[in-house]
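The values are calculated or read from the model by the stated rules, or taken from the named source; none is laboratory data. The shown structure was predicted, so the numbers you read here are calculated from the model rather than taken from an experiment. Using ideal geometry, Cβ is built from the backbone for each residue, glycine included, and neighbour counts are taken over all protein chains shown.
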Amino acid sequence: MNRRVHPFAVWSLVLGVSLVWASAPDKGGYRWIDSDDSGGPAFNWVDITGSGTRIPLGDDDNQGPFALGFSYDFYGQLRDSVRVCSNGWLSFISESHQFHHQPIPDTHDPNSLLAPFWADFDPSQGGSVYYLADTSQGRFVVSWIDVPLHGTGDNCTFQVVLDTGGSVVFQYLRLPASVRCGFATVRTTGADSCSVGIENDSGLTGLEYLRDGSPVENQLHDSLAIRFYRLQHDVCPSVILRPMAQVFAEDSIAPLVVVWNVGQSSASFPVTVRIGSSYQETMTVDDLAPLASKTLQFPVWVPAAETCTLELITSLDGDECPANDTLRMGVSGSYTGELRYDDGEQDAWYMKNGSPTDDWAGAVRFSVPYGQFRLLGARVFVAETTPFSRVLVCPDSGGAPNVGSPYLLAESVAASQAESWIEVAADTLVTTAEDVWLLAFWQQRATEPRIGEDSDAPKDHRTYFGSPTVRWFVYNSGDLMARLRIDGGTGISELGPVGLPRLRVSPDPFRHTTTICLGGGMPSCLLQVRDATGRRVRDLRLSESGVAVWDGRDQAGRLLPAGAYFVEARTGVARRVARVVLAR
């Protein structure tokens, strides 16, 4: 019965794809599905009490190894034998008798783990544990029969079944109500709760079904079967690194995504990024190894001031799990927002101890998508409430901050509480096509505050540290959590030669068509027409010789009203803007 929503089902709902009642795969490609789910394994208890071998386990005991009778692939390691612990688990390598159940995965011993019911059992007080290498059926079975939890009168009957195909099934025949872990009703007198799941040799990768009653929907009960398995052919989107959910309208953003081969076979497949109705690009991934991932950067997308949906789609022929082939996220474009390179999660802290003689600062260098904007403020995420000597925003000068001509300067500023943002407000009109720097200077001899660091990909390499009297060094280990808030909808003006040759418009004024020429060609340059507020109204394409023609219409083909417009040429941080008048 479909009585609950599992982790993969939640993911599917978020992504807007069809439901699959199973878990998302772990890093080893394993996932689980149980007999309570549509399409899950049928409960089929294997009675080995007459055909199997009894293991004379005592309290907190580990015996073996016992031969499987076949070669078993577990997280990419071939095994032919296994050890059995009295406390409800198997391991291919561990001789531990650990009765305190741990999270799964966990690097502490035991590892290389199969844990159908990891709790403090005591076979010396009753019950039996059996194993059977059933080579005729291609399986190996271990059963705990009426084994009591230590210090209680509660007996449990459950088993593990390994098969030659590489899957593992946990089955539960009889569980007293007082030990049904799904609702955390295990007695605490002389007994733990439990952990259920599997884990690789290192303990760094694993898949947990249940621990300490969580999640509550994964209730252990009589006649339950849980299957852990891998697929041969399955690829899926992993993460959308760029764009973020909030972007600046008219910015130039190259989507950056990661796809993953979850299957056990190499895979070649197309990957598509679709954004709204105006952007769709496809790239092909060739021979991606099993369990490997690949980062792909797509051609530039220019967002509008609107909300749209981004879809990342993998399309593998013969994919065994099409439900995870599409990843969706909403993207909102606006002229007002935060310039940032961090992902919003602080992973580490950075501190450059204050010098007794030089001013040292952490800095972030921002590329602004507008030639004219209003600076609304700056903020820096810090660990302590110790003040910076000053925080400033300033223009770029030859690849370094021009601290002598700041747009914003605030002295002795601090966060109101630990692990929070320092906020500095501003309201300054800035006109520049160059980069803009945000700097936070430590006090001399200071040992704090520490600045938050985002070390996850993509590291944009826009973070620096240094001093105006020494030099500025690129900080490569992460992105410092420092941001600017701007409003780019303030208008547009003519912009002289900043890294681009002359931009000529003729005739000007014009009634029907005008020709735009960019000296030196550069057909890859982005060319756009904007109105007097700075809003984009038309994209143009330069020919190989650097020429484009505009007919006075907007992107939808509608005639625009008479008035002043601006033609902007842009490539990277280089821009050139020319004014043109449309007459009617």
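Output the residue which, of all residues in the stretch 433-447 that are outside any strand (DSSP E or B) and on the phi < 0 side of the Ramachandran plot, is farthest from the chain's Cα centre (by Cα).
My answer is 444.
Kindly indicate whether any position in the stretch 306-326 is within 29 Å of residue 531 (Cβ to Cβ), in the same structural domain as residue 467 (by TED's automatic domain parsing) and touching a residue at least 60 places away in the same chain (Cβ under 8 Å). For the stretch 306-326, residues within 29 Å of residue 531 (Cβ to Cβ), in the same structural domain as residue 467 (by TED's automatic domain parsing) and touching a residue at least 60 places away in the same chain (Cβ under 8 Å): absent. In the stretch 528-558, the residue that is modelled with the lowest pLDDT out of those that are assigned to a strand (DSSP E or B) and farther than 21 Å from residue 278 by Cβ is 547.
Any idea which of 157, 164 is polar (S, T, N, Q) and within 18 Å of residue 219 (Cβ to Cβ)?
Answer to the check: 157.
All of (1) under 28 Å from residue 204 (Cβ atoms); (2) assigned to a strand (DSSP E or B) hold for residue 104 with one exception: (2).
Only one of the numbered conditions (1) in a strand (DSSP E or B); (2) over 19 Å from residue 353 (Cα atoms) is not met by residue 411, and that is (2). When the test is whether a residue is assigned by TED's automatic domain parsing to the domain that holds residue 468 and out of contact with any Asp or Glu (no Cβ under 8 Å at 6 or more places or on another chain), residue 400 passes it.
Does residue 359 meet the test of being outside any strand (DSSP E or B) and under 30 Å from residue 26 (Cβ atoms)?
So residue 359 fails the test.
Here the condition is being hydrophobic (A, V, I, L, M, F, W, C), within 30 Å of residue 231 (Cα to Cα) and modelled with pLDDT under 95; of 305, 323, it holds for 323 alone.
For residue 418, the conditions (1) in a strand (DSSP E or B); (2) free of Cβ contacts under 8 Å to residues at least 40 places away in the same chain; (3) in contact with an Asp or Glu (Cβ under 7 Å, 6 or more places away or on another chain); (4) of a type outside the set (Phe, Trp, Tyr) all hold with the exception of (1).
If the condition is being assigned to a strand (DSSP E or B), charged (D, E, K, R) and farther than 16 Å from residue 250 by Cα, then the stretch 325-340 contributes only 328. Any chance the stretch 528-542 includes a residue that's farther than 18 Å from residue 251 by Cβ, touching a Lys or Arg at 6+ places or on another chain (Cβ under 6 Å), outside the structural domain of residue 252 (by TED's automatic domain parsing) and surrounded by 13 or more Cβ atoms within 10 Å (Cβ to Cβ)? Scanning the stretch 528-542, I find no residue that is farther than 18 Å from residue 251 by Cβ, touching a Lys or Arg at 6+ places or on another chain (Cβ under 6 Å), outside the structural domain of residue 252 (by TED's automatic domain parsing) and surrounded by 13 or more Cβ atoms within 10 Å (Cβ to Cβ), so the answer is no. Within the stretch 337-368, the set of residues being farther than 23 Å from residue 458 by Cα and polar (S, T, N, Q) comprises 353, 355, 357.
Would you point out the residue of the stretch 559-584, among those that are loosely packed, with under 13 Cβ neighbours inside 10 Å and either hydrophobic (A, V, I, L, M, F, W, C) or within 13 Å of residue 527 (Cα to Cα) (or both), that is modelled with the highest pLDDT? Restricting to residues being loosely packed, with under 13 Cβ neighbours inside 10 Å and either hydrophobic (A, V, I, L, M, F, W, C) or within 13 Å of residue 527 (Cα to Cα) (or both), the top hit is 559.
Scanning the stretch 68-101 for residues that are in contact (Cβ under 8 Å) with a residue 24 or more places away in the chain, in a loop (DSSP other than H, G, I, E, B) and either more than 31 Å from the chain's Cα centre (by Cα) or not assigned by TED's automatic domain parsing to the domain that holds residue 197 (or both) returns 86, 87, 88, 92, 93, 94, 95, 96, 97, 99, 100.
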